[in-house]
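Undergrad: Quick one: the structure is below, questions incoming.
Taken together, the values in this text are just the output of simple stated rules run on the coordinates, not laboratory data. Bear in mind the structure is a predicted one, so any value in this text is a computation, not a measurement. Here the Cβ positions follow ideal geometry from the backbone for every residue, glycine too, while neighbour counts run over all protein chains shown.
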Amino acid sequence: MDSCTGVEQDLDKALSKFNSLNDHTNRVLQDIIDQVEELRKEIAKQPEDTPLSPAQAMVVGDLAASVKQTVFQMSTEHRELHASVSRVGKSIDRHFIADYASVAPKAESFCNDTNRPIMEQAIAQHIYRQGLEDVGDTFVEEAKVTGVERTCTFALLQRCAAALSEGDPSAALHWTERRAHELHNSPLPFTLHRMQAFKLAREKGVGAAIAYARRWFPAHAARHERALQACVCALAWCTPGAGPAPSIYQHLLDPKALGAEAAELFIKEACALLRLAPLSPLAGGVLAGARVLPALHDIRAKMTHPHVIAAWSDDELPFEVDLGEDGGGYHSVFACPILRQQASEQNPPMRLLCGHVISRDALNKLAMGAKLKCPYCPMEQSPAEARQIYFS
């Protein structure tokens with residue numbers, strides 16, 4: 001963020017200088033145009049073959065010299081503007097890192113025969129999740145991608161969200177009505193019905209909106225009383241001849257604002273209901289990479305000691321990556337610290353009584369009859385007391 005702020009400051013300076021130069025240039029050019037137009041009108045009043053008087057010739061010469069001087073001055077100021085633009089480019093180079101090869105030595109592994117199909121599947125899945133079936137079909141056909149499901153649940157959700165952004169809640173309402181019993185504690189149904197009421201008010205009049213509200217709003221009155229009151233009051237400014245609405249109602253009367261709010265809430269609630277990650281694996285990987293790469297580069301630059309360099313591993317990160325609220329719910333795969341193997345359904349992680357976690361294969365190998373000694377602490381226990389861990 002500090003890097004963006006640094007570049008933004010230089011960019012603001014360049015834009016300020018550009019706007020100032022633009023205003024100054026327009027004023028100067030308009031002044032010259034006015035002078036030329038005034039001189040032209042004065043000359044046009046004379047007979048066609050009448051030569052210019054000495055005074056008029058002097059005015060024309062002075063005006064031509066003024067135009068020449070103005071063009072020279074504008075050219076000089078334009079060159080100075082290029083210097084400001086160049087400083088923005090240098091600021092970007094100074095604040096951002098262009099080459100991350102030092103912290104991504106295995107970047108070429110995406111192109112090998114093993115990982116390339118996986119990467120192509122992730123790209124195709126991401127395209128389908130965005131609801132871009134035609135683009136996805138073209139990509140799958142040209143790249144010869146296999147193992148990708150075209151009819152993706154998330155693609156349907158994206159189409160509903162796209163319709164909401166365009167101001168049409170009908171598809172999303174149909175989706176929520178089929179899952180009404182699962183969404184009875186969610187604010188989504190009321191948000192969609194509110195959006196539909198304002199859509200009817202714009203298209204068919206306030207009467208149609210009030211009739212719709214009387215049918216659907218009572219079921220949500222207990223949970224959304226204040227929002228419902230604001231909605232009904234805002235309908236008064238949908239009547240013909242109504243003046244500007246107060247600021248507290250303006251967002252309700254803005255179709256784009258309502259659509260954006262409803263689309264964001266729809267994706268959030270639908271993903272929670274269907275236990276889907278809001279981000280595709282590709283988007284989640286890009287988000288994680290964007291957060292971790294700058295920190296990795298800083299650590300790598302400081303790790304100059306030979307013993308510290310040896311501790312750098314290409315298979316795991318040297319620190320935890322917090323993906324934040326937008327992380328999509330992805331988590332790292334558990335790797336057994338004993339056998340150095342990733343856990344799987346056949347070899348899941350097992351929690352010992354002492355709290356340490358190892359894989360089931362390691363548990364079986366360490367068990368000696370009915371006893372098991374934890375490899376990390378002195379505690380002894382029975383292998384049967386270990387409990388499998390599930391990541392959700």
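Undergrad: Based on the mean of other beta carbon atoms within 10 Å per residue, what is the order of 14-27, 161-174, most packed first? Provide the component values of the computation, followed by the final result.
TA: On the way: 14-27: 12.7, 161-174: 18.4.
My ranking of the peptides, most packed first, is 161-174, 14-27.
Undergrad: Give the peptides 137-143, 275-281 in descending order of average Cβ contacts within 10 Å, highest first. Intermediate results must be reported in sequence, preceding the final value.
TA: Working: 137-143: 13.4, 275-281: 17.0.
Top to bottom by mean Cβ count within 10 Å: 275-281, 137-143.
Undergrad: Ok, one more. Per 10 Å bin, what percent of the C-alpha pairs of the stretch 121-163 does each bin hold, from zero upward?
TA: In order of increasing distance, the bins hold 34, 54, 12, 0 percent.
Undergrad: Still on this model: Rg and Dmax of the stretch 2-94 over Cα atoms: what are they, in angstrom?
TA: Calculated on Cα positions, Rg and Dmax stand at 20.9, 70 Å.
Undergrad: If the limit is 29 Å between Cα atoms, which of Lys17/Lys256; Lys17/Lys68; Lys41/Lys68; Lys90/Lys268; Lys144/Lys256; Lys144/Lys268 go over it? Can you show the working numbers first?
TA: Numbers: Lys17/Lys256 34 Å; Lys17/Lys68 23 Å; Lys41/Lys68 22 Å; Lys90/Lys268 40 Å; Lys144/Lys256 39 Å; Lys144/Lys268 33 Å.
Among Lys17/Lys256; Lys17/Lys68; Lys41/Lys68; Lys90/Lys268; Lys144/Lys256; Lys144/Lys268, the Cα-Cα distance tops 29 Å for Lys17/Lys256; Lys90/Lys268; Lys144/Lys256; Lys144/Lys268.
Undergrad: Per residue of the chain, what 222 nm ellipticity follows from adding -39500 (n - 2.57) for every DSSP H run with n ≥ 4, rounded to the nearest 500? Numbers along the way, then the final one.
TA: Working: 14 runs with 226 residues, N = 392.
Helix-only estimate at 222 nm: -19000 deg cm²/dmol.
Undergrad: For the chain, with only Lys/Arg (+1) and Asp/Glu (-1) charged at the beta-carbon, what is the dipole magnitude about the Cα centre, in debye rounded to 20? It would help to have the intermediate numbers written out before the result.
TA: Details: 40 positive and 48 negative charges, 323 e Å.
About 1560 debye.
Undergrad: If packing is taken as the average count of other Cβ atoms within 10 Å, what order do 214-221, 54-61 fall into, highest mean first?
TA: Top of the packing list down: 214-221, 54-61.
Undergrad: Let me understand the stretch 123-236 better: what is its radius of gyration from the alpha carbons, and its Dmax, in angstrom?
TA: Final numbers for Rg and Dmax: 18.4, 57 Å.
Undergrad: Something else about it: Let's see if you can work this out: charge +1 on each Lys and Arg Cβ, -1 on each Asp and Glu Cβ, no other charges. What is the dipole magnitude of the stretch 332-392 about its Cα centre, in debye to the nearest 20?
TA: Details: 7 positive and 4 negative charges, 19 e Å.
It comes to approximately 100 debye.
Undergrad: Oh, and also: Extending each Cα 7 Å along its Cβ direction at Ala367 and Thr70, get the distance between those two points in nm, one decimal.
TA: Simple spin-label model gives 9.3 nm for this pair.
Undergrad: Along its three principal axes, how long is the stretch 332-392 when you only count alpha carbons? Whole Å, largest extent first please.
TA: The principal-axis extents, from largest down, are 29, 20, 19 Å.
Undergrad: In terms of Cα to Cα distance under 26 Å, which lysines are near enough to Lys373, apart from those fewer than 8 places away along the same chain?
TA: Lys365
Undergrad: For the chain, which semi-axes, largest first and in whole Å, follow from the square roots of 5 times the eigenvalues of its Cα gyration tensor? Can you show the working numbers first?
TA: Numbers: eigenvalues 747, 321, 80 Å².
That gives 61, 40, 20 Å for the three semi-axes.
Undergrad: Note down the nm distance, to one decimal, between modelled labels 7 Å out along Cα→Cβ at Lys204 and at His356.
TA: Once both label points are built, they end up 6.9 nm from each other.
Undergrad: Just to be sure I understand the model, the point goes 7 Å from the Cα along the line to the Cβ. What's the resulting Cys111 to Leu52 distance in nm?
TA: Those two pseudo-labels are separated by 6.7 nm.
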